[in-house]
Structure formats: C-alpha cells, structure tokens
Amino acid sequence: MSIATTAGIDAPAAAPVRPTRRPVRDSVWAILAWVIALGFFFPVLWMVLTAFKEEGDAYTDPPKLLFTPTLQQFRDVLHSGIGTTLLNSVFATGISTLLVLLLGIPAAFALSLRPVRKTRDALFFFVSTKMLPVVAAIIPLYVIVGDIGMLDNIWTLVILYTAMNLPIAVWMMRSFFLEVPGELLEAATMDGAGLWTSVREVILPLVSPGIAATALICLIFSWNEFFFAVNLTAVQAQTVPVFLVGFITGQGLYWAQLSAAAVLTALPVVLAGWIAQNKLVRGLSFGAIK
C-alpha cells in the first residue's frame, strides 16, 4: 500500500491518453497516393486491355469491359513489319547510349573529382546545347545529312541521339561523382594505383547505380525520340515511333492494332527498367542520405 493511500489521500488519476491523429492522416495520404498512382496507370491499363480486343469492340460507346480476349491484333502487327523497326530502334538506342557513357563518364569525372580549367564554362556549354529547339535545327541538319548521303541511315540517328543525350548524361553523372569523397582517390593513389586503376576499381563501383540511372534515362529518351526519326528516315532506318504513326489513316484510327503495337513498343523499355530497378532506385537517391 502506498504512502498516499495510508495517509487517506487518494492518488491522482492518470491523465487520459489522447488518441493520436497521425495514423488517420497517414492513411488519408496513402489512399490519396494510391488514387493518383492508379490515375496515372489507368491509360496504360486501358491500352493493354484494348490490345486484346477485336477492332469492333474497341470502338464501342460506352466502352466494352467484358470481351473475349484475342491475340489477332498482335499477329497483325507482327506481320506488318514492326520487327525491322524494332531492330532499328534497339540498334540506335543501344549504340547511342553506349557512346554517351563512353564519352560522358570521362567528362563527368574531369568536371568533378579532377576539375579542369574553366569548369563552369564547360558546364554552361553543355547546357546551352539543349536551349536550341530541335525544330530550329532540322533544316540545316537535313541539308547537311542529305549532302553527305546519310538520309535514311541508322547511323545518322545514332550520332544525333548521342549528341542529344550527352549533355544530360554529363550533368547527371557529375552530380554522382561529386558525392564520392576525394579522399578515396587520394588513398588509392598513395597505395600505388594509377589513375585508370583507381577509376576502374574504386570510383566506378561506387557510382555504378548513378551510371545505370543515367543510361536508362538516355535509353528512354532515345527510344521515344520522334522528331529526328520522322524527318531524317524513310524506310530503311525507320524507328518504332515513326512506325506507330502508320496506324493513323484517312479512314480513322485502328485502335486495337495501335494499342497492340504500342504494347510491343513499350515492352523493351519496361523490361529494361524492371531489370535495372534496384540500381535505378539507388542511383536516383544517390547522395540523398548521408
């Protein structure tokens, strides 16, 4: 028995615990986030569903939610020549992304851990190349490409995509290199490692998530590029975005076939993002938590 009870004085009652509102607020934010996410995902879901419909079912008003799935639209798209355009897109995207990394990694390293003279001027030059609208450059580019006989050539797109993505890649990778402590490079040098060995065995493994994120962004930009492809290619170097325009005819849109072609077109990028998702998340959050 406590002293307060012995003395005839009742102990004060414990203060009531007020229910916190934080779980309710968190639940509201979570529901709102799911609603927004589903709103962004709904067009993709509708495209996939339409790809499995007959052409007549894709035109119904109101939309037909219950239907018999079919693969006929995918067969028609595969027989319409999308394979060649897919190969062109894979070649132009893959080679240009590889060239961007080969050129951008040394440039970003030189502008971060081993800064050169006029670093700020060099960075401004990279950004200034993105300030000119592409529509203002298409006429001189068309004339130059035509004069050297490179119209409807896939290597023309490789060069243009490399030049288009290189400034973005340099800026992104420079930010990743800046997060690496310079003491690591100094320690490797003191241990007798040369510059190339230090970069290959010390620096690049640390920034590999950032490089993967940069490569994926360059891949997406190149894969989706339409303006250069539609103006500088015809048949041999035609890419997937140009191929999709062929489903827009004077009689209207072939919604089911267009959806099937769009699903096939988006699939390689989705698979690339899914394979590199771990490095992508780490790369996009690189340096966010110390």
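Looking only at residues of the range 163-194 that are in a loop (DSSP other than H, G, I, E, B) and among the hydrophobic types (A, V, I, L, M, F, W, C), we find that the one that is surrounded by the fewest Cβ atoms within 10 Å (Cβ to Cβ) is ALA193. For the range 195-202, check the following and say yes or no: at least one residue is at pLDDT 75 or above, more than 16 Å from the chain's Cα centre (by Cα), surrounded by 18 or more Cβ atoms within 10 Å (Cβ to Cβ) and not in a helix (DSSP H, G or I). No, the range 195-202 has no match at all.
For the range 143-175, taking the residues that are of a type in the set (Val, Ile, Thr) and out of contact with any helix residue (DSSP H, G or I) (no Cβ under 6 Å at 6 or more places or on another chain), the one that is nearest to PHE125 (Cα to Cα) is identified as ILE168. Test each condition in (1) at pLDDT 90 or above; (2) surrounded by fewer than 18 Cβ atoms within 10 Å (Cβ to Cβ) for VAL240 and report the one that comes out false. Going through (1) at pLDDT 90 or above; (2) surrounded by fewer than 18 Cβ atoms within 10 Å (Cβ to Cβ) one by one, VAL240 breaks only (2).
Is one or more of the residues making up the range 212-219 hydrophobic (A, V, I, L, M, F, W, C) and without any contact (Cβ under 8 Å) to a residue 12 or more places away in the chain? Walk me through how you get there before you give the answer.
Here is the first cut: in the range 212-219, the residues hydrophobic (A, V, I, L, M, F, W, C) are 212-213, 215-219.
Checking which are without any contact (Cβ under 8 Å) to a residue 12 or more places away in the chain leaves us with none.
No - not one qualifying residue is present in the range 212-219.
Just checking, which of LEU123, LEU160 is in a helix (DSSP H, G or I) and either of a type in the set (Val, Ile, Thr) or at pLDDT 90 or above (or both)?
Details: LEU123 fails: either of a type in the set (Val, Ile, Thr) or at pLDDT 90 or above (or both).
Residue meeting the stated conditions: LEU160.
What number of residues within the range 137-159 satisfy the criterion of being within 26 Å of the chain's Cα centre (by Cα) and within 22 Å of LEU102 (Cβ to Cβ)?
First, pick out the residues of the range 137-159 that are within 26 Å of the chain's Cα centre (by Cα): 137-138, 153-159.
Subsequent filtering for residues that are within 22 Å of LEU102 (Cβ to Cβ) retains 153-159.
Residues flagged as within 26 Å of the chain's Cα centre (by Cα) and within 22 Å of LEU102 (Cβ to Cβ) within the range 137-159 amount to 7.
In the range 19-52, what count of residues is obtained for those that are farther than 30 Å from PRO69 by Cβ and either assigned to a helix (DSSP H, G or I) or in contact with a strand residue (DSSP E or B) (Cβ under 8 Å, 6 or more places away or on another chain) (or both)? Step through it out loud before you land on a result.
Step one: of the range 19-52, the residues farther than 30 Å from PRO69 by Cβ are 19-33.
With either assigned to a helix (DSSP H, G or I) or in contact with a strand residue (DSSP E or B) (Cβ under 8 Å, 6 or more places away or on another chain) (or both) added as a condition, the list becomes 22-33.
Result for the range 19-52: 12.
When you check VAL100 against the structure, is it touching a Cys at 6+ places or on another chain (Cβ under 6 Å) and part of a helix (DSSP H, G or I), yes or no? Steps first, please.
Values: touching a Cys at 6+ places or on another chain (Cβ under 6 Å): yes; part of a helix (DSSP H, G or I): yes.
Taking the combined requirement at face value, the residue satisfies it.
Considering the range 261-281, and only residues there that are surrounded by 16 or more Cβ atoms within 10 Å (Cβ to Cβ) and modelled with pLDDT under 80, the residue that is farthest from PRO209 (Cα to Cα) turns out to be ALA276. Here GLU186 clears all of (1) of a type outside the set (Phe, Trp, Tyr); (2) farther than 30 Å from PHE243 by Cβ; (3) modelled with pLDDT of 80 or more except the condition numbered (3).
The values are calculated or read from the model by the stated rules, or taken from the named source; none is laboratory data. In this text the structure is predicted, and so the values were computed from the model without any measurement. With ideal geometry, Cβ positions are generated from the backbone for all residues, glycine too; neighbour counts draw on all protein chains shown.
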